[in-house]
Each structure stands twice: as C-alpha cells, then as structure tokens.
1. Give, as residue ranges, the helices (runs of 4 or more DSSP H) completely inside the range 182-274 that count at least 2 residues that are charged (D, E, K, R).
2. Is there any pair linking a residue in the range 583-600 that is crowded, with 16+ Cβ neighbours inside 10 Å to one that is part of a helix (DSSP H, G or I) and acidic (D, E), with Cβ under 9 Å and at least six apart or on different chains, and which?
3. Restricting to the range 325-363, and then to whatever is of a type in the set (D, E) and assigned to a helix (DSSP H, G or I), can you tell me which residue is farthest from I377 (Cα to Cα)?
4. Kindly indicate which of V123, V153, V108, V136 is closer than 26 Å to F74 by Cα, more than 32 Å from the chain's Cα centre (by Cα) and among the β-branched types (V, I, T).
5. Kindly provide the set of residues from the range 262-278 that are more than 24 Å from the chain's Cα centre (by Cα) and modelled with pLDDT of 90 or more, ordered by number.
6. Is it fair to say D455 is free of Cβ contacts under 8 Å to residues at least 12 places away in the same chain, over 21 Å from the mean Cα position of the chain (by Cα) and under 30 Å from N139 (Cα atoms)?
7. Can we say A718 is among the aliphatic types (A, V, I, L, M), more than 21 Å from A576 (Cβ to Cβ) and in a helix (DSSP H, G or I)?
8. When the residues of the range 628-677 are narrowed to those that are among the polar types (S, T, N, Q) and out of contact with any Pro (no Cβ under 8 Å at 6 or more places or on another chain), which ends up modelled with the lowest pLDDT?
Amino acid sequence: MKPSAPARCVALVLLTVALATGACTRKDAAFYEKSGDDRFRAGKFGEAAIQYLNALHEEPMRGDLHFKLADAWFAEGNRKSAYPEYIKAADLMPENAQAQNRAGFLLVRGGMFKEARDRARIVLQKDPNNAEALLVLGNALAGLRSLNEAEDVLKRAVEIDPERAGVYTGVAVMQLAQGELPEAEATFKRAVEVSKGSPDAYMALGNFYRVAKRQDEAEAALKSALAADPKNIAVHQTLASFYSETNRPADAEEHLKTVMSITPSPDATYALADFYVSAGRQPEALALLEKLSSDEAQFQAAKVRIALIQFLDGNRPAAHAAVDEVLKKLPNNPPALTLKARLLLADGEPDKALESANAAVKADRQSAQAHLAAARILVVMNRLDEAMKEFRETLALDQTSLPAQLELADFHRRRNELETAIGYADQAIKTHPGNLRARMAKVEILLMRRDDSTDAIEEISKLVREYPRSTDVQTLLGRYYLAVRDRASARRAFEHAMEIGPSIEALTGLVTLDVADGNTRAARTRVDAALAKSPDSADLLLLGAKLYGVEGQSARAEQMLLKVVKVAPDKPAPYALLAQLYMAQRRTDEAKAYFRNLVKADPRAVYGFVMLGVLEYSTGNRDGAKAAWESAMRLDAKNASAANNLAWLYAETGTNLETAQQLAVTARNLLPEQPEINDTLGWIYYKKKLTENAIEYFRRAVERGAENPDYHFHLGLAYAQAGEDAKARAALNKALQIDPKFPGADEAKKTLATLVY
C-alpha cells in the first residue's frame, strides 16, 4: 500500500530535519584535536591517537596533527606507527626545527644516516646553535664513519648546552666507537649527573656496560633507570633484552609481561611472542598470535608471523595454511606474498616462488623483504646478474640488510672484484658490528689478497679473542696459517677447532697436514674415530675414501665410495672416484656387470644407473652412458649427478646445448657449491661463447676444487676466449703445474703458445 500524500510529506520533513541535524552535529578537526589533547594529558594515549586520526581525516595536511599523533603512538609504545608520523610531520613542516630533529633521530636509529644529516643541516643553516640538531648531525656523521667531524660537532653541542644529558650521551657513544672506554664511561656518568638520574641516561650507561661485558654494573644501571621510572616501557624492554642475552629467561619474561600490563599494545604482544620463540616455547607464541589475529587490524601481521614460526619450526603445511588465509582475504598483501615465495622455494618450486616474490614487489616496490626474497630465488635459479640487481635494490631500501650485504660481498669476491667485495663486507660490519658472519666474510676476502695477509691475521686475531670457543673462527685461523705455509700453527688451530666441536673442514685440514708429513696412520686414526660417531656422513666417507686411496687400500676405499653413493646418490664426486679406481685396477668390465645386475635386481636403484653411466662413459660408450643416465633421471628428476653428467655429455658434442644448460642448472639448483657441476655449467657457457658467464662458474669450480687441473684448464680457455691473456696464462700454467700429463695438457700448451701477453 502506498503512503498517503500527507504521510509522504511528513517523511520528507523528518528526512530534512535528520539531514539538517546531521550537518549541525558534524565535528571539525579542532574538536577532535582538543579531545585528543585532553586524553593525552590524562595519560590515555591510545584514545588520544584515535582522536588525532579523526582530526587528520578532516585536515590531512596538518603537520602539527601528525606530530601529535606520533607523540601519542610513541607514548602508547606503538613505535612502528609513531615513526612514519614523525617523518610526515617533518615533511609537512620543513620550517619546524623540533619536527626535523625528531625525524632526524629516527632516521639515525634506522641507519639512514645521510637523510638524517640532511635534515640536521636544514635546521642548523637557520639556527647554528640548535643543540638538538647538532646532536642529530653528530650521530649521523658517526654513522657515516666521519668520526673526527662527528666528535667536533658533538663537542659544539656540549659547549652550547652543557646541561643537556643527550649531548653527553652522544659524545660518549663517539668515544666508545673510537675505543676510548674510560673516557666514554666518564661521559656517560656525566650524562646521568646532568639529567639528575633520568631513565634514558641510566639506560645509556647500562648499555655501555653491556658492550664492555661488565654485566653486574649493567644490571645495576638498568635497575636505576627502572627505579627512576617504574612504568617506562623502554627500560623494561632493555632489561628484557639484557636478561635474554645473559641467559636469564624468567627475568626477561617478567619484564615483557610487565610491558603488556602497562600498555597491552600489539607491539608488546609481538615482543613477548618473539621471546617465546627464542626460548623454544612455540606453542605459547602461537597462542598469543592466534588471539591477536582475531583483531581485524592485526589479522594480516599476526597470521604472517604465525606462518613464519611454523615455517622455521619445519611445519611447512601449517605455514602454507596460515599464509593462504591471509592471501584469501588480501591477495596482494606484500608480507604474505613474500613469505609464500620463501615457502615455495623451500618446496623446491623456484618458478612459482619467483612469481610470488615478483607479485610482492609489484604490490609494494618499497618492500626490502620482497626484493630480498626475489634475489634469493634468482640465486637458486642461477640468474646471478638479476639476483645482484635485486640485492642492490634491497640495500637501497634497507641500508642495514645483512643478507644483501653478505651476498653482494660474496658475489664480487667470487669474481675477484676484491675492492668492491671488501666495500660490502665493511658496510655489513658497520651496520652489524657484532656479527660474526660479516667479520668472517671480510677475512675470506683478505685471504685472497696476498698483500693483505697482515690485515687478515689482525682481523682473525680479534675474532679469536672475542670468540675463543668458535669452531669456525679456529678453522679460519688454520686456513690462514696454511696459506702462509706455517704448518705447525695451522695444526694447532685445526686441533683447537676439533676440541671445541666437530668440523669437517678442520678435520680435512688435519688429515691434509698428516698426509703431507707422511703420517697417514695418524690421519686414518682421525677419520676412523669420526666415522665411528657418524658412520653415514657422506663428507666423512668421502674423506676416508680419498685417504685410503692415497694409502693404496683400494678395497677399503671402494667400500666407502659405494656407501657414499647409497647415502648421498646425488653427489658427483664418489662416482668419478669409483670410475678412476676401477679403471686403475682394470676392473671396468667387472664393475659394469656388477651394476647391471644391481639395477636388474632393483630397477629403482638410481645410484646404480648413475654409476653404470659413469663406467660406460669411461670406456667410451657414450650411448650406453646416455641411456643409463636418462634412466636415472626418469626415476629421480632431481638427481644432481645424473643431470650434471647428461649435461656434460650433451655439451661435449655441442649438439644440444640448450638441453645441456637446463640439466646443468637443475643440478646446480640442487648442489650449488659442487665444483663438478659449476665446471659443467661453465663449459656449456664456454661452448655457447657466453664467456663472462663461463668465467664466473669456472672460478667457482676452481675455488672449491683447487687441486683439479681440469678446472684451471677450463678457466684458462675461457680467459683466452675473452682476450684476457695474462689471466689465461696463469690458469693454464697452474693446470700444468698440478699435473703436467693431465688429459688436456697438450691443448693447454697449444693455447699458451697463442697468448700475446
């Protein structure tokens, strides 16, 4: 039934009144701002932030509102939300010194030292005596390693404002960076005095004692900070960090829970969850995050964190399920796409992984993690130039990305571009001064430069002092002494490494020294003792087989090699050694019969087909080898040995180079460090006249197989093809020096005769 005309008129009147009332009751930015100010003064920081957000909805370009919002988030303990608001405030208020200085401090904390320096300079150009800006500038210059200039700037800040604790803290940090520990301690204490015992000054003093390994004094200073302000979130977080690093998890947990009681923010929940993960209490972490994921605003972040924990815990199905929940709701979510890429890569699906990583980059081109994921996948796919481009992009977005720094250092080290490599290693050390991997990476580069042996031993000596119980550091020390031909010192270092813990590299070093000294009995005792503890270790079995071969105990060597191909059927080295052994004993026919019977009895014995192919190839039966390796690939498409051998066979004739390349890439995806596989891939690129790529992979083969003349020979041929005669001459001469009668010796000599310089 239709309403009557009067009724319709009444409805219209009511609607008009409603609209008018709505228009009259709409609140402006000033109303929300005042409401936010009132709540902030009352200590209701979360509510204040909501009011400031409402105000910004009305006037989004007001820098002062962004600044107030940042202060509210910061006071609430939500620093992740506060930081971008401070930056926005500074961008919108370029004349506001306070905003520029606050942004500058945050940029310093984030490692963006150039940007912080530029903001401080803007303030100081208008107000040369702004102590806070001088403090920002001093810290930024210190981050840029301009230490003398930084010290001068910070001293100016002290002269201008001698009662400001922050300037003393800045000077103290500078003194600490220059190794002036007594002076730094005195200055940190002066900051405490000037500030009349502020929590920040006590925290700075406590952190100094942590760096100096004076744990009792560190705890006392941090407790003084807590006494000065029992509800200071930063103090509780610092104490939690201190107790975690001093192996007092119960105390750390207490402070993290206190933070949650003071401000039950998402950041506090994530911090406690991270603590539970580090303590091996994953179920408690997952329970916290599941509860947090029910909050719509935290759903994505919490679920991605859940997926990451499951992934790192080895539960990939659960990780996939969690990340897929996010992608079902938010198909273009960059963190979820990035983690999905990592999961797919772990599943052995690099193509799908790259597709997901590229989608993450497309969704957020400013995501350093997305670029990093893409880079890692491209490395696995052997698309190295593209990978390095992504690593560089990662660093452009996140100047502190340790994985990108180390990958770029290693990439340039392998290319013998040592100055560039050292630059990236130094950058890693600067942004992660306590990171062992970064410091060892630099030593690895220094060891490649003979004129840097003094620098290398200085760095290693520091590492030995700081990490006296590190197997890796002691092994690195042994390698250094081997390089400078100090065998006695090398032996001591390798033995010390083995006392600390098992290390195949240190054991190999000791066995090498024993054999060089003619003491094969001692070498055998070492290897047998290690095998008694790890009888199925492919690396130990291979080392033992080589040792017994040197001793002439062929039967024992054969026994070990046969076990290697069973426990690790995709390792190429044992097949080649077995073939050499059978040929030396003129037993190839017997060996062929044995492996034919083996695959007949067990048609799924992949290693049997691989070995049969090696034997057929060694006796000149290329067709038989091809058939055997193809059978192995049908059984196991990811068998690196079969893929590598087939690739070499195709490359040898030069008739099927594209298929050869695909097979070699498959093999290298599975065993990226194996010298035989890198040599095969290099040979294919050499045949295709892609000389730069060929040199890259031949270098990798030489690096891992320095005593194999074939690898040096191939590298020499590639250098000759590139017109780099001096490098070609060095590589070819090295091959002939290792074995004057190796199969390629005649061609090496002919190539040497063609070189001009």
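The values are calculated or read from the model by the stated rules, or taken from the named source; none is laboratory data. Please read all numbers here as calculations on a predicted model, not as lab measurements. Here Cβ is always computed from backbone atoms with ideal geometry, including for glycine, and neighbour counts include all displayed protein chains.
1. Working: elements: 199-211, 215-228, 233-245, 249-262.
Counting at least 2 such residues, we get 199-211, 215-228, 249-262.
2. Close Cβ pairs satisfying both conditions: K592/E616.
3. E325
4. Details: V153 fails: closer than 26 Å to F74 by Cα; V108 fails: more than 32 Å from the chain's Cα centre (by Cα); V136 fails: more than 32 Å from the chain's Cα centre (by Cα).
Only one candidate passes the filter, namely V123.
5. The one that is more than 24 Å from the chain's Cα centre (by Cα) and modelled with pLDDT of 90 or more: T269.
6. On the way: free of Cβ contacts under 8 Å to residues at least 12 places away in the same chain: yes; over 21 Å from the mean Cα position of the chain (by Cα): yes; under 30 Å from N139 (Cα atoms): yes.
Yes; evaluated as a whole, the condition is true for this residue.
7. When the stated conditions are applied, A718 passes them.
8. My answer is T655.
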